[in-house]
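One structure below.
Nothing in this text is a laboratory measurement; each read-out follows from the coordinates by a stated rule. Predicted, not measured: the structure shown is a model, and the values here were computed from it. Note: ideal-geometry Cβ built from the backbone for every residue, glycine included; neighbour counts use all protein chains shown.
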Amino acid sequence: MVWDAFIAIYLFLAGLGAGAFVLGALSNWAKKPAPRMKKIAFVIAPVAVAVGTLVLVVDAKAGFNNPLRFFMLVSNLNSVMAWGVVILSVFLAVSVVDLALLLVRKKTPKALDVAGALLAVCVAAYTGVLLGDAGVAFPLWNMALLPVLFVVSAASTGMAAVLFVTHLVAPDEAEALPALSKAGLVLPVLELVLVAALLGVTAGTSGSAAAAASASVANLLSGAYAVPFWLGFVCVGQVLPFALELARRGKPGAAKAAVSEVADGAAAVAPGSGKALALVGEAGVLVGGFMLRYLVIMAALAVAFA
Amino acid sequence: MSEKKLGMLIDLSLCIGCNACTVACKRENDVSLGAFNTWIESFDVERPDGRIARANVPKQCNHCEDAPCVKVCPTNASYRADDGTVQIDQDKCIGCKYCMAACPYQVRYQLESGEVQKCTFCHHRTSVGLLPACVSTCVGYARTFGDLNDPESDISKRLAEAKGGEVLYEDLGLHPALRYIGLNETEAMPVASAIHRGGNVMRPYEG
Amino acid sequence: MINFQSSGKRTLANLAAGKLKIDVIDCTLANGSVTPTIPGINWIPIKPATNAAFCAALVQKIIADKTYDADALSFTTQKAAVAGGYGAYTNATYLVIVDEGHPNHLKLMRAADAGIDAPEEKDKDGKALDQFVVIDAATGQPAVHSACGKGALEFEGEVNGVKVRTGFSLLKDSVNEYTMEEYSEITGVSVEDLERIAKEYTSHGTRAGICHKGGSAASVNGIDTVMGAAVLHAIIGANQMIGGNAPNSPAPTTAGNGARYKLGTIAGKPDVSTKNATYISRTVKAWEKTDEYKNRVAAGEKDPKPLMPWFGNGAASDSQALLSIVNRYPYQAKILTSFMCNTLQATPGAMRDEVVERLCDPEVLPLHIVCDVFVGEHAQYADYIVPDVTPYESFGLPTTGTTFTGYGTTVRWQVKEPESMLLDDGRHASWETFLADVAQACELPGWGENAIKDADGKAWPLRDACDFYLKAVANLAYAEEPVADISDEEMRVQALDELPESFKAAVTAEEWPKVLNVLSRGGRYWPMSYVHDADGRRSRGFEKENQTYYYSEKRALNKNCYSGKRLPGVFGYNPETFTDLSPMTDHFSREEYPFGASEHKPRFRSISMLSNSPVMRDLCSHNYIELNREDAAALGIKDGDKVRATTPLGDVSEGIAMVRAGQTKGAFALAFGYGHQNYGAQDIEVDGAVTKGDPAVAAGVRIHQMLDPTVTGVTGDDVISIIAENDAASPGRCGGMFKIEKA
């Protein structure tokens, strides 16, 4: 294991921040105005990405000890990481400026919002490309699927983070974007399909990487990481939020049934309380989003695995 | 082509797994405890004639021509030197470990101070005309070192006899400068014990 | 097997070139020349303590096929062998008295037994030489061995009315005691392999050999292995032949009476030998020859039994000495001084609480002084520890042993100032300074002023290591042709001009540049042509006898001190026995204890050392209990499981299983050098300062062999005696009886 939970935190926060920014930008087109939700999203975005980047800086021990070396970070433009540094920096600048404008002028230029949203997509995708470019060593890190998967996960975690806070501090704005509810049903399904595809493609790896590939898949499905994978990522991260979203849309009785069916833990939530169910679902998405990054890093075995 | 390309050839039939190379390397390069620039993987195999033999496969940086570590390094700390080897400029390394993640051979490790290190082909020795420590100490003369682009070098001659030798993970297309003789033949034999790195279990025997 | 690095170096190129074939007969497939892709070498798994059965099977097949070198075996003297183109001879043709009623039963027949009136022959010291009797191959008549060149190999009949047989014919019977199928069953080697190897071995003239070292004989029946290898070497006439069994690295006299200094002559040296004294290890002297035996018989005791076994044919043994000390038999030890050894750790079966308790008891051992660099298991229990120096801080002229067959020797010398304490007079604490000071305080001869005489009769002092060893180096420098003086440039480049004044003072000004020449080269070696002639024989050393015993009178006459049993004087396979020569399987069930043990050399440790090396621990943190994969499957043991090997007496060796194909069935193996208790694993307090131990030093497992129940049973429970070789006295390390289970 080369990278560990530190990098997973970074990948998670960067995705979360990116997703949050996109949501904030999208709130411009909300049917009902949702100014507080936008503010929440625009605060979360730079903070999450900045904290994630800080984690990265701390993890880069030699650079942390010799900070001047960070100025050489864009020396090699063949390196995905060099581009990542550029993307992160520009995104941080844009999102901070946008936030400042929002706080000072209560209004943001749409063009900046759009630019920021595009950069956010790049940030989210970059976290996948970063791993994908090391896929020659770790066959689980598939260049074709990981960026898409991480973008999808960024969207759901960003959304979940913003909605979580919104439900707490501005509950009246939480349902401002009806599309979000739809997204809450689509994204988990999409994410599960993408993970299944990732595992399927990895398992089908041939040649020198075959052993490491199948061992990585086995690690997740039945090996050392099977419990966090099935419980943390699949159940808590995808099925639970999906079921709760479904329940919230239907009758309270149906919600109860769905809850007891898929997750015993959620039964502790007071039945009929839509806000509580939403909070639990959003927390589940965040757990699942982190587990995804954590598992993709930790369960991956190198071609020369030990 | 006059460009220099240093390489190493290891004849597995002559490697007795004594680990003198490992120790010489540790001493020569002051490799920290727990880390290895080179190591030997040893395991029992079933020969085609049914008898059991002990395989010893030395591993280290392959100094790939298309090195993923060089490609992914954001600061150019990892680079290809004029002699064709892959080196690390410690003063540029930020310790992001991207190179470690990108190396399919997993030969890199992080120092206590944060920088990444690996086999240099004993650059400090070879640049003054000496052999790498592992080569000069090798008991069975299993290791040969020299310029792959010089047809008169020992390694080129031995490689010519060995039809170019074999490389680890050839299908990854990284064109390593570390060549082997007998690698494919050895790997084709069923493994009949744990794989040991030195004397420590690297992969247990599943039976 | 010899050090696998040097054997690898000497064999790999020839194997690769197809000029050499090797069969590695070993319980465990070690890392070494048996690589998957090299031609000409096979690993043949064998059960421990059955090497003699393997050799006996070969000898049986070779005799049956008549593929032995009858010429080489028939020479009766060294002179005849050399004249016949060989380098050595055997006593295969000597007649053995097999007449049970004869007073010299089991002895080789002498001229007097045969009624032959032979002129007495004396050696150069004036001692009368034995005149053995053979059947002259030319005449078919009895003759003394020195009077004919060749004897009849096979003879069974009467000479002078006494029933006799040749050693060779006795050997034939001995190796035929088992069938090839039985040998195969005993050893685990297929009949096909046994026959193939016998054929291969006899297909290369004198250019074949058996490379075996101590480990192959480290069982209670180990001497059989040594005799088997000797018989096999002589059976093709390979002794002293290039490509055969060439002796290892003869060297000129260095630490003895050499070219410059008489280091072997000590004026006033007390006359102490085994004739007037007794080794505490109960070796060299037979039980019947001891004062105790004589006194007890004189007191009217019939057939007295000793408290612990005696080994009349054994040399000095540290393991037996240790056990003697803790049993206070044959006499009380008053002072034990040991230097750079860890007998407690290295003696299988000795490392147990009751031994340690007695070792620490001043009643048992009043004073125990250890000189060592490390505080190992043995040193841990000493009353005083004298600091010693490391190899780079000390001197020595070790012969190169198995790594070199030419003429010459290596020199080890103090290349750095020792780290041990500096004494007031400028010397550093070491074994040598300790000896010198104690000896001078006790006014022993051979130490202090005027201790050493040079070739011109001038006297020199002996107060420090350099006083002795640099004179030995001078002997080497002046041996045969003196070496050249070292050049000034070389002296400067190697900083030899900065050596301590005491070094220079140890030899003459004339000798010093020659001594430096030898030091700078780490020894002195002559060209191989110096010892080998063009015919492929050794060109030096022919004047010396090189006889192989096909019949060992000494062994045949060695009466066991408990049972009175004797082992045969010819080579053959004898199953493992306890001290009274009763088979182990008479005492315990093989079904219940089906496994033997086999220890082997570690790659990452030495015998008892190196576990304090962080680099070695990095390479290998602990050893394993190595098990054949089929045995493991039958026991339900998986690779990496914790397992336990237990003797019938409850001794336990516990470790991590390594399940592999490279281990013989029916035995477990472990690399020695692991499983420490001290040696840096423990905290040490010196003058109030505590040095923390590192438990990682203790990792791994050491073999725990059972004590000998036949000694304890005969002489009382209080006696602690290890299982041992009946002739050699060496501890039974490999073999034994164990059951294995998951821990």
DSSP loop trypsin sites (Lys or Arg not before Pro) with at most 14 other Cβ within 10 Å: longest gap in chain A: A:108-306
Simple Cβ-charge dipole of the protein assembly as shown, Lys/Arg +1 and Asp/Glu -1, about Cα centre, in debye nearest 20: 4060
Fewest-first sequence of C:Arg296, B:Arg108 by Cβ atoms within 10 Å of each Cβ: C:Arg296, B:Arg108
Cβ-derived FRET efficiency at R0 41 Å, C:Asn14 paired with C:Lys269, nearest 0.05: 0.30
FRET efficiency for C:Ala743 and C:Arg352, using Cβ-Cβ distance with R0 set to 22 Å, rounded to 0.05: 0.70
Gain in span if fully extended, C:Ala495 to C:Glu685, counting 0.36 nm per residue against the direct Cα distance: 64.6 nm
Neighbouring partner chain Cβ atoms per residue of C:618-625, average, 10 Å criterion: 5
Relative packing of peptides A:50-58, C:41-49, C:584-592 - highest average C-beta neighbours within 10 Å first: C:41-49, A:50-58, C:584-592
Nonlocal amide H pairs with C:Ala451, under 5 Å, H built at 1.01 Å: C:Trp460, C:Leu462
Efficiency of FRET from Cβ geometry, C:Gln440 and A:Val193, R₀ 60 Å, rounded to 0.05: 0.10
Kyte-Doolittle mean at least -1.0, axial Cα span of 24 Å or more - DSSP H helices of chain A: A:5-26, A:35-59, A:80-105, A:110-132, A:146-169, A:178-203, A:274-298
Ellipticity estimate at 222 nm from DSSP helix runs (n ≥ 4, -39,500 (n - 2.57)) divided over chain C, nearest 500: -7000 deg cm²/dmol
Helix-only mean residue ellipticity at 222 nm for chain A, each DSSP H run of n ≥ 4 adding -39500 (n - 2.57), per residue, nearest 500: -23500 deg cm²/dmol
Top positive-direction residue, dipole computed over the protein assembly as shown with Cβ charges, set B:Ala142, C:Tyr679, B:Val86: B:Val86
Within chain B, longest stretch clear of exposed GluC sites (Glu not before Pro) (DSSP loop, no more than 11 other Cβ within 10 Å): B:4-111
Ranking of A:Val169, A:Val195 by count of other Cβ atoms within 10 Å, fewest first: A:Val169, A:Val195
When each of C:Lys642/C:Lys665; B:Lys59/B:Lys118; C:Lys275/C:Lys554; C:Lys163/C:Lys554; C:Lys269/C:Lys471; C:Lys163/C:Lys544 is checked by Cα-Cα distance, pairs over 23 Å: C:Lys163/C:Lys544
Dipole-positive endmost among C:Ser394, C:Leu359, C:Tyr384 within the stretch C:353-423 (Cβ charges, Cα centre): C:Ser394
Approximate spin-label separation C:Glu292-C:Leu557, in nm, with each point projected 7 Å along Cα-to-Cβ: 2.3
Peptide-level mean, for A:124-131, of C-beta atoms on other protein chains within 10 Å: 1
Which listed pairs, of A:Lys182/B:Lys97; C:Lys213/C:Lys302; B:Lys5/C:Lys19; C:Lys21/C:Lys739; C:Lys127/C:Lys262, have C-alpha distances above 31 Å, in listed order: A:Lys182/B:Lys97; C:Lys213/C:Lys302; B:Lys5/C:Lys19; C:Lys21/C:Lys739
Highest to lowest packing among C:224-234, A:210-220, scored as the average C-beta count within 10 Å: C:224-234, A:210-220
GNM top mover of B:Gly129, B:Gly34, B:Gly17 - chain B, alpha-carbon springs below 10 Å: B:Gly34
Amide hydrogen neighbours beyond the local backbone of C:Gly523, cut-off 5 Å, H modeled: C:Val411
With Cα atoms, 0 to 90° folded angle of helix B:20-29 axis to chain B main axis: 10
Simple spin-label estimate for C:Asp694 and A:Leu246 in nanometres, 7 Å along Cα-Cβ: 5.9
Pair A:Ala170, C:Val98: separation of 7 Å Cα→Cβ label points (nm): 11.3
Shielding by other protein chains, B:57-68, mean Cβ within 10 Å: 1
Unit charges on C-beta of K, R, D, E only; dipole of the stretch C:576-742, Debye: 840
Rounded if a/c under 1.5, otherwise prolate or oblate - chain C, Cα gyration tensor axes: rounded
Fewest-first sequence of C:Asp708, A:Asp133 by Cβ atoms within 10 Å of each Cβ: A:Asp133, C:Asp708
Three-way shape label, the protein assembly as shown, alpha-carbon gyration tensor, a/c 1.5: prolate
